[in-house]
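A short reminder: the numbers here are calculations on the coordinates, not readings from a lab. Source: prediction; values computed, not measured. As a convention, Cβ positions derive from the backbone with ideal geometry for all residues, glycine included, and neighbour counts pool all protein chains shown.
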Amino acid sequence: MNNSQSPIEELISNKNPFAGNTVVTTSQIWGKGFPDVPAINAHASNAIFEAITQVHQKQRETVGITITAEKGVGKSHLISRIRQRLQAEGNGLFVYVNKYDHLNQIKYQFLETIVSSLRAFGSSPGVMQWQELAAALINEAKDWHYTPQQYINKFPSWWEKYSRTTVEKLTNVVLPCKPHINNPYILKAILWTISADHAIYATHWLSGRELAQETAELMGLPNSTREDREAEALGTVRQILDITSNYKVPVICFDELDTIDVDDNGFTTAQVVANLAKDVYNNIKGCVLLLAMYPETWRDQVKTLPQTEGVIDRLVSENPKREPITLNYLNSDDIVAVVSHWLQEFYQEHQQIPPHPLYPYEESKLEALGKQKPTVRGLLRWCAENFKLPEQPESHPVEDAYKQRLAYLDKNLESHWTDKDFIAAALKFNFATLVGETVEGVTLKEITEVEASGYIDFKIIGEENGKPVKIGVAVIQQSAGNSIGAALKRLVDYKQFDLTRGCLVRSDGISAAARRARDNADKLLRDQGGEWVLLREEDIKPLLAILMVNHEHQQHGLSPEQIQDFIVTQRLALENHLLKDILSDPSGQQRSHIFGDDFPISVPGTV
């Protein structure tokens, strides 16, 4: 600490509560990303909550609401408020739709999004919304009162007793209570989610994707053909939402509709989604539909649809004027309320008492800003830029977004820990920034894919002591011995994949029962001069964070060149222990037997 600064000045110099929060990301909508002031645009959120109550109390079957606002006025903040309220009160299931990559297969993509949304935690920590639904189904059928977590804990003992007939028995108990369900396999898949070992396969199947034949047979879930997916998708959605609406109100939010993409018929994203919402309104009872868009998108795209009257009647079903709810710009009172609320949480978290609630800002400047009627995004950007003591040095334009993603990973890394594709992509992206550099004696020339591998994630091509170096890198985070064995089988095949060295990146040991995997690991480490580099949180988090920023660079107003400059100036890749260890010659390094077996493991940052 600088002795010339007070603790609160030191805090302001080193932390900025507004940094990185000018754009609401998907992770912030799902998590507690920022403080909310319920009074801001309360007219809109109150209308939505009232609709949820009416549907829950069977006063209305389905409600459609459309929100319009200019860019940055607060549409995503409002959606986040709805998510947090539903999670706190536990009376709704939240579905967030903001990606429309395949407009020609919008119904199938909608099904995928619903399944993905219900994977998110509900009102109980660590419990998916799918698992809450499964517990409700069993409780109703058996007149029990167990929590979802209790069912998850009970499942292993049931499996030990009944094996693969466990879920079959549960399905037979639940099915008579749901005579309107045409596809009993949907019920079965939902019930499978209470099995920690099978939940991921169950949701994979629910999204319309195929399971491996052995897994499908074990779980009793028949695979659909690719041709059936789009045709059957809306029917599957209807049955899923019919089931959920018996217990909680599904709240389906369509966001980020204002794109220039069009489908094969020339309809824009907003038009395709508006028609989808109309179909959902017509076919699915007991839910609330929410669409958020720019005013011009509503005016120029939705209102120009063929048979637009029927679409509008459903998208603004509660407004007798048949117009969307408009969000307001901030006034002076709103700005003071927002800033003081954010600062209150910030100072309480760090156990500091400010000289006044708006410190370090001046109330007069905030009130003057309010006269300009800024957007929420504009206010937060202004706060981020001005949250500093005099002569506060300006940070790199990428730093705020990078710190935001680091903070997200501090809380959520566990959910990405087994995502080998994400981890491998981060390694590959950061290695690519080192091309032309010499690190650990290796001059990097190219980062390439490995053809026909399927398990080796990429190859590093370079030169070391005048000799070519070709390092195949495989991230293996799966626990299943067959997956590890398949990857290692390829990693030791230097000839087929044109490698001079293989590198396994993994955080856990290999089970003693996985003999083939262990044999190949032994061959890699002892006979072929390869290495096993330990994957640690502190090494991979910075690499994942900057990859996430790169994926979101347009949202943050950043260019790829700025991100590249940040990686270089901060020496993010150049001094990363994990990257350096992958490049280093394993023959000259100390190894550790941290897993209690004979495998020599390289621990990044140790000599």
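Under 14 Å of direct C-alpha separation, and excluding same-chain neighbours fewer than eight residues apart, Lys285 reaches these aspartates and glutamates: Glu61, Asp242. Legend: distances between Cα atoms for Lys467/Lys489; Lys445/Lys467; Lys99/Lys411; Lys58/Lys178; Lys75/Lys388; Lys58/Lys107; pairs beyond 22 Å are Lys467/Lys489; Lys99/Lys411; Lys75/Lys388; Lys58/Lys107.
The mean of 1/r over all pairs of different alpha-carbon atoms in the range 416-588, once inverted, gives a Kirkwood hydrodynamic radius of 16.5 Å.
After finding the eigenvalues of the alpha carbon gyration tensor for the range 99-247, what semi-axes result from the square roots of 5 times each, listed largest first in whole Å? Mind showing how you got there, number by number?
Working: eigenvalues 119, 57, 44 Å².
Calculated on Cα positions only, the semi-axes equal 24, 17, 15 Å.
Tell me the Kirkwood hydrodynamic radius of the range 539-583 in angstroms, computed as one over the mean inverse distance between distinct C-alpha pairs. Spell out each step's value before the answer.
Working: mean 1/r = 0.0908 Å⁻¹.
Taking every pair of different Cα atoms in the range 539-583, averaging 1/r and inverting gives 11.0 Å.
Rg and Dmax over the alpha-carbon atoms of the chain stand at 26.9, 78 Å.
Just from its helices, what would the mean residue ellipticity at 222 nm be for the chain, if runs of 4 or more DSSP H residues each count -39500 (n - 2.57) and the sum is divided by every residue, rounded to the nearest 500 deg cm²/dmol? Write down the numbers at each step before the final one.
Working: 26 runs with 288 residues, N = 607.
Computed mean residue ellipticity for the chain: -14500 deg cm²/dmol.
Calculate how large, on average over all directions, the projected area of the Cα convex hull of the range 232-317 is; give the answer in nm² to one decimal.
Numbers: hull surface 23.2 nm².
If I average the Cα hull's projected area over directions, I get 5.8 nm².
For the range 9-97, the share of alpha carbon pairs falling in successive 5 Å distance bins from zero is 2, 11, 21, 22, 18, 11, 7, 4, 2, 1, 1 percent. Give the longest segment of the chain that steers clear of GluC sites (Glu not before Pro) in DSSP loops with at most 12 neighbouring Cβ atoms within 10 Å, not counting the sites themselves. Between the exposed loop sites, the longest stretch runs 1-361.
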